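Here is the structure we will look at, set down as structure tokens.
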Amino acid sequence: MGLCSHLLRRLLGTLAVLWLVLTLTFAMLRCIPGGPFDAERELPTEVARALQVSYGRGPVLSQYGRYLGGVLRGDLGPSYRQSGWSVRELLAAKWPVSFELGLYTMALACCGGIALGCALLLGRPGLPHRLCLRSCTLLLCVPAIVLGPLLNYLLSCKLHWFPSIGWSGWRSKILPVCTLAPCYLAALAQITWQGMRTEYGRAYVRTALAKGLGEGQVFFRHVFANGIQPAIAYLGPTCSGVLSGTFVVENVFHIPGLGRLLMEAISGRDHTVIVGVVLFYALLISICNLVADVLLALLNPRLRGA
Amino acid sequence: MEARLWPCALALSLLAAGCGGRSGGEDGAGTLRLGNAAEPNTLDPQRMMDFSPIFIARGLFECLVLLDDATLCPLPGAAERWEISEDGLVYRFFLRPDGRWSNGEPVVAEDFVQAARRILSPRLASPTVDLYFPLKNAQAHYEGRVPWDEVGIRARDRMTLEISLERPTPYFLALLAHPAWSPIPRPCIEAHGGWERWDSDWTRPGNLVSNGPYRLEEWRVGDRIAIGKNPFHRSAGDGGPERVIFFPIVDQQTEQNAFDCGELDATATVPAELLDELRGRADGTLQETESLGCFYYLCNCSRPPLDNGHLRRALALAIDREELCRLIHRDVRFAAGNLVPAGTGGYRYGGRETLGRDPRMAREELAAAGFPGGAGLPPMTLTFNHSSLHRLVAQAVQEMWRRELGIAVELRCEDWKAFLHSRRVGNFAIARGGWVGDFNDPLTFLGLFVGDSPNNFVRWRDEAYDGEMRAAEEEEDRGERLRHLESAEDRLLREMPIIPLYFETHKRRVAERVRGWRPNLLDYHLYQNVRLR
């Protein structure tokens, strides 16, 4: 019952957050200089006026009212830059690409990172152990903007193992995923290792071991369930960020995802697309955080009543 | 031992199977793959003004005339021949009897009339409507002063189009090769509500009907646009590429990587830092040619201190253009001593005002402006949009002004749209400018600085200049007309509302397997003439 009311509260909070995000983004876009129809070649005044009329760009408040009404009906409006395309169509075309990229990245990062974290915990201290820890630090320090072009140059241009651009066929997906995943994998490995190590030092673990329970049983039934919680808390916001698109990787590998859509919309002042994508991000972040909360609550009974 | 090794062997073989072979194999040997720099905002030929959609439109739509991609001379396109009246005011075009839309319908003269009718409707808000203004009464109709019946375009019969001009226009045939002059499939556009609406989906695959050698097959926004042969076009069996794919790759290095991987047959750009290396290569993939473009700085003439002509000239004379060209092009040939690139529509500026570096004269001009040695000069800002190239040029020019004139100019970098806004409202002292011609005639450059031009960002109004431009427009004799244009450019360079820096070039890398890709001033290519090995 506690969990259900918690979920309901969170859902209502999410709606308020979405409205706030929409309103703030809408307002901020009207404050920055430059509009969607500014171009290198100046439009004659009458053409510019006709365009404003065509897209219903009147007083700001009436624009806001119309836009809000449209959003409530599920209509995010037309793209100003990509004429003939609606924001909903653009989002529908782009989010599966970013989602797929994010999903593979997080799958690799979760499997690799949690397994590595556990291995670091269970393995004996020594050179391999230290090497693994140092490697994690190194991977955390190499940003995608460095790793992506490097992998692209070496493995695509020089060795011709993978395509350098595009998002079709499984071979084209390896380099983008391998560019994005390492830093999350390393972070997850370290967080998992730290979380598990803390749990291992607790009295209840020593008691369980003293009572004669097997090390594997103690690890999987007690230590893992508690030690993984920091990693799950980390995964909530991280997943939403990765799933919603990463501009750098999409740009380096020419992937038609949400990150590029947003960046191009910002530089082109495509107001409707910007608000649409930001709203989509806000929704995704809310959902991911909600899922992380539910998972944590399931793993930790003390959080259910909170 | 062997049993333990088999998973490793399996993994290795999977990796080998996945990694083997060349990348980009999904596109067949008959496909021409081109980098296209940016995502086109539309494929409606009457609403496009950027280069990325225009490159695609040249495959999709065929205008009355084509241009020879070596000489840029007009060639028969949708019209198999034409007649021009002796006074140069009436053009009669005879359409090809075998001209077909991609749905098999014949292309008729009325399709061109409808195109004019649509673009001249203010509600369409076409950014290239001015390309129709040489038509008799076109501008007046656009401004609501005369009815449609009085506009100088009509179908004499099903296959004959007659166009009457306001005045003789020597560059009119060159103008007709712009996609804005494509015929329009009215029934198709109306079926999708796109006659006057910008947000119609008539340009989507499956909806778009075109009359060019190719038809639209695929449009994945941000990924690619693919056009395939139009089976109804006369070139369908000629052996050109079966498909052309345009990749809107924004990042220059990504584009170079894709070319090096064999995933692109031609790039849209080449970064300056690669030029020296590529010129030294024996593979001959680098194509460089002059373009119809000039890069210059704009001086805001509407407010002090740059309302002072002496100061503008001082700034212009202090710049070492050859040094700039070494930075940008790695080649000094493209230093701009004037505005209009040589060879534009047969024009070559030979006036008295050609700009060069003259620090002594620059200092004298600065003193004549009332700021000897830069003393008393109010702070000035040089505004440019975010780009590594523009920053490089701005820093170099800033240093030249400091070195030669002793003046400090502040640099201000703005994002693209903010920059356009600043330029439009006149919120700058000096700003990055530049122009790439729409058609092969000096008017495309010199027309920018006529007093009432919407692109006259410098807010410079000069009666003598406007008078020469008017005289050039009204002049029927070609030689006289060019002389008027030269006098106008003389005036521009004497008053210096702009500071020309260098001429733009077209730089592409074109793969060895591509034959018949001929570089030219307009970067104009007919894909059906390209051959792939």
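Side notes on the structure shown:
- The alpha-carbon atoms of region A:106-204 define a convex hull whose volume equals 106 cubic angstrom per residue.
- For region B:115-154 versus region B:377-410, the inter-centroid distance based on Cα atoms is 43 Å.
- Sequence ranges A:70-80, B:114-124, B:145-155, ranked by mean other-Cβ count within 10 angstrom, highest first: B:114-124, A:70-80, B:145-155
- Cα centroid of region A:70-139 to Cα centroid of region B:227-261, whole Å: 32
- Beyond 13 Å, the tail of the calculated P(r) for region B:426-477 holds 63 percent of the Cα pairs.
- Lys, Arg +1 and Asp, Glu -1 on Cβ, resulting dipole of the protein assembly as shown about Cα centre, debye, nearest 20: 3940
- Chain A, helix-only ellipticity at 222 nm - DSSP H runs n ≥ 4, -39,500 (n - 2.57), divided by all residues, nearest 500: -23500 deg cm²/dmol
- Size descriptor, Kirkwood hydrodynamic radius, that averages inverse alpha-carbon separations across region B:117-246, Å: 16.8
- Peptide B:37-48 has a mean shielding of 3, counted as Cβ atoms of other protein chains within 10 Å of each residue's Cβ.
- Accessible surface buried upon A-B contact (total; probe 1.4 Å; Å², nearest 100): 4700
- Note on chain A: GNM, Cα springs under 10 Å; of A:Ile285, A:Ile174, A:Ile255, the largest mean-square fluctuation is that of A:Ile174.
- Chain B, relative contact order in percent, only Cα pairs under 8 angstrom and at least six apart counted: 18
- Remark: region B:290-506 is approximated by an ellipsoid whose semi-axes, taken from the C-alpha gyration tensor as √(5λ), come to 26, 19, 18 Å, largest first.
- Gyration tensor (alpha-carbon) shape descriptor, region B:145-200, a/c threshold 1.5: prolate
- Note on region B:252-335: with charges restricted to the Cβ of Lys and Arg (+1) and Asp and Glu (-1), its dipole about the Cα centre is near 700 debye.
- 5 Å binning of all Cα-Cα separations within region A:1-92, expressed as whole percents from 0 upward: 3, 10, 16, 21, 18, 11, 8, 5, 3, 2, 1, 1, 0
- With a Förster radius of 60 Å applied to the C-beta separation of A:Leu131 and B:Thr269, the computed FRET efficiency comes to 0.90.
- Heavy-atom surface of chain B, accessible at 1.4 Å and reported per residue (Å²): 39
- Seen through its C-alpha gyration tensor, with square-root eigenvalues sorted a ≥ b ≥ c, chain B comes out oblate because a/c lies at 1.5 or above while a/b is not bigger than b/c.
- Other protein chain Cβ atoms within 10 Å, averaged over every residue that makes up B:255-265: 5
- Whole-Hz ³J(HN,Hα) from phi, Karplus 6.51 cos²θ - 1.76 cosθ + 1.60, for region A:53-59, glycine and proline x: 5, 4, 9, x, 9, x, x
- With the charge dipole of chain B set up from +1 on Lys and Arg Cβ and -1 on Asp and Glu Cβ about the Cα centre, the Cα lying farthest toward the positive end among the listed residues B:Ser200, B:Leu131, B:Ala78 is that of B:Ser200.
- Region A:1-159 shape via C-alpha gyration tensor axes, a/c threshold 1.5: oblate
- Hits among aspartates and glutamates - C-alpha to C-alpha of A:Lys173 under 20 Å, sequence gap 8 or more where chains match: A:Glu100, A:Glu250, B:Glu26, B:Asp27, B:Asp223, B:Asp251, B:Glu255, B:Asp260, B:Glu263
- The fraction of accessible area contributed by carbon and sulfur in the protein assembly as shown is 58 percent, rounded to a whole number (1.4 Å probe; ligands and nucleic acids excluded).
- Radius of gyration, Dmax [region B:436-522; alpha carbons; angstrom]: 16.6, 54
- Note on region A:225-306: Kirkwood hydrodynamic radius from all Cα pairs is 14.3 Å, rounded to one decimal.
- Rounded to whole numbers, the Karplus 3J(HN,Hα) couplings from phi for region B:66-72 are 10, 10, 5, 6, 9, 9, 6 Hz, using 6.51 cos²θ - 1.76 cosθ + 1.60 with θ = phi - 60°, and x at Gly and Pro.
- Applied to region B:116-124, the Karplus parametrisation 6.51 cos²θ - 1.76 cosθ + 1.60 on θ = phi - 60° returns per-residue 3J(HN,Hα) values of 5, 4, 5, 5, 7, 8, x, 5, 6 Hz, with x for Gly and Pro.
- Protection proxy ranking of B:478-488, A:175-185 - average other beta-carbon atoms within 10 Å, highest first: A:175-185, B:478-488
- Cα-Cα P(r), the protein assembly as shown, percent of pairs per 20 Å interval: 13, 40, 32, 12, 3, 0
- Cut-off under 5 Å, modelled amide H: who pairs with B:Met159 long-range: B:Ala109
- Share of alpha-carbon pairs per 10 Å distance bin for chain A, given as whole %: 6, 21, 25, 23, 15, 7, 3, 1, 0
- Whole-angstrom gap from region A:38-64 to region A:160-188, using each part's C-alpha centre: 41
- Its DSSP H runs of at least 4 residues, each contributing -39,500 (n - 2.57), put the calculated 222 nm mean residue ellipticity of chain B at -9000 deg cm²/dmol, to the nearest 500.
- About its Cα centre, the dipole of chain B is roughly 720 debye, where the only charges are +1 on Lys and Arg Cβ and -1 on Asp and Glu Cβ.
- Note on B:514-525: average number of Cβ atoms from other chains within 10 Å of each residue's Cβ is 0.
- Values of log10 I(q)/I(0), in the order q = 0.15 Å⁻¹, for region A:143-277 under a Debye, Cα-only, solvent-free model: -0.82
- Dipole-positive endmost among B:Gly99, B:Pro213, A:Ala107 within the protein assembly as shown (Cβ charges, Cα centre): A:Ala107
- When each of the peptides B:421-433, A:208-220, B:191-203, B:57-69 is scored by how many other beta carbons lie within 10 Å of its residues on average, the order from highest to lowest is B:57-69, B:421-433, B:191-203, A:208-220.
- With all protein chains kept in place, the per residue accessible area of chain A amounts to 48 square angstrom at a probe of 1.4 angstrom.
The values are calculated or read from the model by the stated rules, or taken from the named source; none is laboratory data. Quick caveat, the model's predicted, so the values are computed rather than measured. Cβ sites come from the backbone with ideal geometry, for glycine too, and all protein chains shown count toward neighbours. For accessibility, only protein heavy atoms count, side chains too; no ligands or nucleic acids. Shrake-Rupley method; radii C 1.70, N 1.55, O 1.52, S 1.80 Å.
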